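Peer 1: Got a structure for you, questions after.
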Amino acid sequence: MGRTYYITTAIDYANAGPHLGHAYEKVLADVLARFARLRGRKVYFLTGVDQHGQKVQIAAGKAGVAPAEFVATNTAKFLSLWKMLGVRYDGWAETTAPVHKRVVQSVLTRLHREGKLYLASYSGFYSVRQEQFLTDKERGPDGQFGPEWGEVIQIEEKNWYFKLAEHRDWLLGFLRAHPECVFPSYRHQELLNAATLLQGDLSISRPKSRLSWGIEFPFDADYVTFVWFDALINYISFAGYLAEEASGLPDFSEMWPADAHVIGKDILSPAHGIYWLIMLHALGFRDEEMPRLVVHGFWNMAGAKMSKSLGNLADPVTLANAYGPEALRYYLMRDIATGQDADFNEERLVMRYNSELANSVGNLLNRTLNMTERYRAGRLSSKHSCPESEALRVAAATMVEEYERQMEEFQVHAALNAIIEFSNQCNATIEGTAPWKLAKDSSQSAKLDAVLYSLAESLRIISLLLSPIVPESTLRMGAQLGVNLAASQLIDTGWGGLKDGHTLGKAEPVFPRLDANRPEQTAS
Ligand code: MSP
């Protein structure tokens, strides 16, 4: 089976509950993981929450509870949403976990021992919201620090620094030699430009006097670790890096480097593309051990950024309750091209679901099962073919190829497009061959068999390919078609999976239409 295909995502801040952007990223990673499993790869999917830092300390203070209690409450909200949405991960990363703390402290100890850290004083501006020291680079064209920095204060502080800048030439060389390490390519270019401008080192500590909610420095008890330095390490600490035997964590040598390291565009530079890659390099990871960063875009609201301060955050729990978790999964995968931004629109969610899942795939399933039941008592015969069934056989193979190509490139929306076009073609074949007329003419019996078989076979393939995106619904499709999708793989998309004499089940609606005017309706 080979090495484990390791997928990991950004870990979400536990200073508030999840919003639609979080849901998108997790569903995307889940779909990629399910697709990799379908390909027969051994997969490990890690995700989790980022629980330390000043934002959490402040939010907990406002709520009047201890930070640990505060993050536990928010973490539970993420966990329950992933369950609701069918996000099936193998590892859960919580940065307050002792295994993680141990690795962060070992990393700090080692970098310190090797002379890669130093203590220095800084006097200047600091963004409380971003938990970051600011330089003139961060000023806008008007010379001011923009609203993205939130409250900016002046401080004078002694901190531990990580020697970042000395790795600039390595990073540039690495990025130039490995354009494939960042997807999409325009983000690679953007990162390269940012790396060219890299100067100065990274403050990786915060004095306990103003931030206590963090991982203590192992060699200086006056400090805790800067939240990003702590959080980035989750990708290796929960993948078994420096793990003790019997830790229950995976075997790191099987795991690393991450094949798909899924993050949003806002945290590519500097966090992942600069700090994280340099941290790995400083720890002795070789160039071929760098992860592949898959950078997705943002869901916006009517062109504007979704944010807590604008009060326009879309709530995935409300949406999943109103339309069903799988309708939400489908929309989140269908209406955005991975890498680019999209505008969230509830009407489009309903429209996509109704026209593609209810009208095209659902209808195809319903008609095929009903006609086979009516004309052949549910039994298929694979003995015959006709031009129309041949055309579907050829189109199915082309569609599978296109689907695979697009999924390998993370373009889930385009893979779905290929499925829906094929499903439309199947529906057109029903119209064109009119099985209800063939059934009345005994000389057309072989053709009727050929058409019904090709429709059922097409549906089997469609359900298999849709399974990473809408896993529950496709299991139900599979049950009606009489196939066990849970045990199927991508190689089973070859034509002819349904054997001669295979019996189809009864039609039951899998994709009932949604009513845009009645969002309280639940799709089952
Ligand atoms: N805690 C840090 C990540 C640390 S990784 C070591 C963080 N958290 S976050 O909660 O702000 O964002 C988590 C992920 O959600 C990020 O990848 C971010 O890009 C993504 N998204 C946040 N808002 C989003 C949208 N509106 N749309 C799509 N993804 C969005 O950053």
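Peer 1: List, please: which pairs have Cβ atoms under 8 Å, are six or more places apart or on different chains, and start with a residue in region 352-367 that is touching a residue at least 60 places away in the same chain (Cβ under 8 Å) and farther than 17 Å from Leu465 by Cα and end with one that is among the aliphatic types (A, V, I, L, M) and not in a helix (DSSP H, G or I)?
Peer 2: What qualifies is Asn354/Leu514; Asn366/Ala507.
Peer 1: Yes or no: Ala16 assigned to a loop (DSSP other than H, G, I, E, B), within 14 Å of the ligand (Cβ to nearest atom), aliphatic (A, V, I, L, M) and in contact (Cβ under 8 Å) with a residue 12 or more places away in the chain?
Peer 2: yes
Peer 1: Identify the residue in region 182-216 that is acidic (Asp, Glu) and away from the ligand (no atom under 16 Å from the Cβ) and, among all such residues, is surrounded by the most Cβ atoms within 10 Å (Cβ to Cβ).
Peer 2: Only one residue tops the list, namely Glu216.
Peer 1: Output the number of the condition that Gly482 fails; it satisfies all remaining conditions of (1) touching a strand residue (DSSP E or B) at 6+ places or on another chain (Cβ under 7 Å); (2) at pLDDT below 95.
Peer 2: Of (1) touching a strand residue (DSSP E or B) at 6+ places or on another chain (Cβ under 7 Å); (2) at pLDDT below 95, only one is false for Gly482: (2).
Peer 1: Looking for whichever is on the phi > 0 side of the Ramachandran plot and at pLDDT below 95 here; the options are Gly240, Gly200. Which one fits?
Peer 2: Working: Gly240 fails: at pLDDT below 95.
The match here is Gly200.
Peer 1: Also, quick follow-up: Would it be correct to say that Ala271 is over 22 Å from the mean Cα position of the chain (by Cα) and open to solvent by less than 40 Å² (accessible area, probe 1.4 Å)? Even if it seems obvious, please write down each step before you answer.
Peer 2: Details: over 22 Å from the mean Cα position of the chain (by Cα): no; open to solvent by less than 40 Å² (accessible area, probe 1.4 Å): yes.
Considered against the rule, which asks whether it is over 22 Å from the mean Cα position of the chain (by Cα) and open to solvent by less than 40 Å² (accessible area, probe 1.4 Å), Ala271 comes out as no.
Peer 1: Is there any pair with a first residue in region 171-193 that is closer than 15 Å to Ile274 by Cβ and a second that is of a type in the set (Phe, Trp, Tyr) and surrounded by 14 or more Cβ atoms within 10 Å (Cβ to Cβ) whose Cβ atoms are under 9 Å apart and which are 6 or more apart or on different chains, and what are they?
Peer 2: If the second residue must be of a type in the set (Phe, Trp, Tyr) and surrounded by 14 or more Cβ atoms within 10 Å (Cβ to Cβ), the pairs left are Cys181/Phe174.
Peer 1: Restricted to region 111-125, and to residues that are open to solvent by less than 20 Å² (accessible area, probe 1.4 Å) and closer than 14 Å to Ile204 by Cα, which residue is nearest to the chain's Cα centre (by Cα)?
Peer 2: So the first thing to find is which residues in region 111-125 are open to solvent by less than 20 Å² (accessible area, probe 1.4 Å), and the list is 111, 117, 124.
Those still in the list that are closer than 14 Å to Ile204 by Cα too: 111, 117.
Details: Leu111: 32, Leu117: 34 Å.
Only one residue fits best here, namely Leu111.
Peer 1: Hey, another quick one. Examine region 151-162 for a residue that is among the polar types (S, T, N, Q), more than 28 Å from the chain's Cα centre (by Cα), modelled with pLDDT under 95 and open to solvent by less than 30 Å² (accessible area, probe 1.4 Å), and state whether such a residue exists.
Peer 2: No, region 151-162 has no match at all.
Peer 1: Also: Give me the residue from region 217-242 that is within 28 Å of Leu198 (Cβ to Cβ) and part of a strand (DSSP E or B) and, out of that set, farthest from the ligand (Cβ to nearest atom).
Peer 2: Filtering region 217-242 for residues that are within 28 Å of Leu198 (Cβ to Cβ) and part of a strand (DSSP E or B), the one farthest from the ligand (Cβ to nearest atom) comes out as Asp220.
Peer 1: Go through region 351-403 and count every residue that is aliphatic (A, V, I, L, M), within 19 Å of Gly496 (Cα to Cα) and in a helix (DSSP H, G or I).
Peer 2: Result for region 351-403: 11.
Peer 1: Assess whether Leu498 counts as being in a helix (DSSP H, G or I), of a type in the set (A, V, I, L, M, F, W, C) and open to solvent by less than 20 Å² (accessible area, probe 1.4 Å). Full working, then the answer.
Peer 2: Working: in a helix (DSSP H, G or I): no; of a type in the set (A, V, I, L, M, F, W, C): yes; open to solvent by less than 20 Å² (accessible area, probe 1.4 Å): yes.
So Leu498 fails the test.
Peer 1: May I ask you to say which residue of Leu319, Leu293 is under 22 Å from the mean Cα position of the chain (by Cα) and closer than 30 Å to Leu111 by Cα?
Peer 2: Leu293
Peer 1: When you go through Ala29, Ala23, Ala60 one by one, which is the residue that is of a type in the set (A, V, I, L, M, F, W, C), open to solvent by less than 10 Å² (accessible area, probe 1.4 Å) and more than 15 Å from the ligand (Cβ to nearest atom)?
Peer 2: That would be Ala60, the only listed residue that is of a type in the set (A, V, I, L, M, F, W, C), open to solvent by less than 10 Å² (accessible area, probe 1.4 Å) and more than 15 Å from the ligand (Cβ to nearest atom).
Peer 1: Of the conditions (1) of a type in the set (D, E, K, R); (2) part of a loop (DSSP other than H, G, I, E, B); (3) within 14 Å of the ligand (Cβ to nearest atom), Arg3 fails just one. Which one is it?
Peer 2: Failing condition for Arg3: (3).
Peer 1: Looking at Lys55, is it basic (Lys, Arg), surrounded by 19 or more Cβ atoms within 10 Å (Cβ to Cβ) and either modelled with pLDDT of 95 or more or away from the ligand (no atom under 16 Å from the Cβ) (or both)?
Peer 2: Considered against the rule, which asks whether it is basic (Lys, Arg), surrounded by 19 or more Cβ atoms within 10 Å (Cβ to Cβ) and either modelled with pLDDT of 95 or more or away from the ligand (no atom under 16 Å from the Cβ) (or both), Lys55 comes out as no.
Peer 1: Could you pull out every one of the helices (runs of 4 or more DSSP H) wholly within region 409-471 that has 1 or more residues that are open to solvent by less than 10 Å² (accessible area, probe 1.4 Å) and either among the polar types (S, T, N, Q) or in contact with a strand residue (DSSP E or B) (Cβ under 7 Å, 6 or more places away or on another chain) (or both)?
Peer 2: Because the criterion is at least 1 residues that are open to solvent by less than 10 Å² (accessible area, probe 1.4 Å) and either among the polar types (S, T, N, Q) or in contact with a strand residue (DSSP E or B) (Cβ under 7 Å, 6 or more places away or on another chain) (or both), the helices (runs of 4 or more DSSP H) in region 409-471 that meet it are 412-433, 445-466.
Peer 1: Let me ask something additional. Do we find that Ala246 is of a type in the set (A, V, I, L, M, F, W, C) and within 18 Å of Ala97 (Cβ to Cβ) in this structure? Spell out the reasoning first.
Peer 2: Working: of a type in the set (A, V, I, L, M, F, W, C): yes; within 18 Å of Ala97 (Cβ to Cβ): yes.
Here the answer is yes, as Ala246 does meet what is asked.
Peer 1: Asp341 versus (1) open to solvent by 60 Å² or more (accessible area, probe 1.4 Å); (2) modelled with pLDDT of 95 or more; (3) within 21 Å of Trp82 (Cβ to Cβ); (4) within 13 Å of the ligand (Cβ to nearest atom): which is the lone unmet condition?
Peer 2: (3) is the only condition that Asp341 fails.
Peer 1: Out of (1) out of contact with any strand residue (DSSP E or B) (no Cβ under 8 Å at 6 or more places or on another chain); (2) charged (D, E, K, R); (3) within 13 Å of the ligand (Cβ to nearest atom); (4) open to solvent by less than 30 Å² (accessible area, probe 1.4 Å), what's the single condition that is false for Asp335?
Peer 2: For Asp335, the failing item is (1).
Peer 1: Tell me, yes or no, whether region 131-139 has at least one residue that is more than 29 Å from the chain's Cα centre (by Cα), within 30 Å of Thr338 (Cα to Cα) and open to solvent by less than 60 Å² (accessible area, probe 1.4 Å).
Peer 2: yes
Peer 1: Now, a different point. What is the one condition in (1) within 15 Å of the ligand (Cβ to nearest atom); (2) under 30 Å from His413 (Cβ atoms); (3) open to solvent by less than 60 Å² (accessible area, probe 1.4 Å) that Asn74 does not satisfy?
Peer 2: (2)
The values are calculated or read from the model by the stated rules, or taken from the named source; none is laboratory data. Keep in mind it's a predicted model, so treat the numbers as computed, not measured. Because the Cβ atoms are built from the backbone with ideal geometry, glycine has one as well, and the counts that use them run over all protein chains shown. We work out accessible area using only protein heavy atoms, side chains counted, and drop any ligands, DNA or RNA first. Shrake-Rupley method; radii C 1.70, N 1.55, O 1.52, S 1.80 Å.
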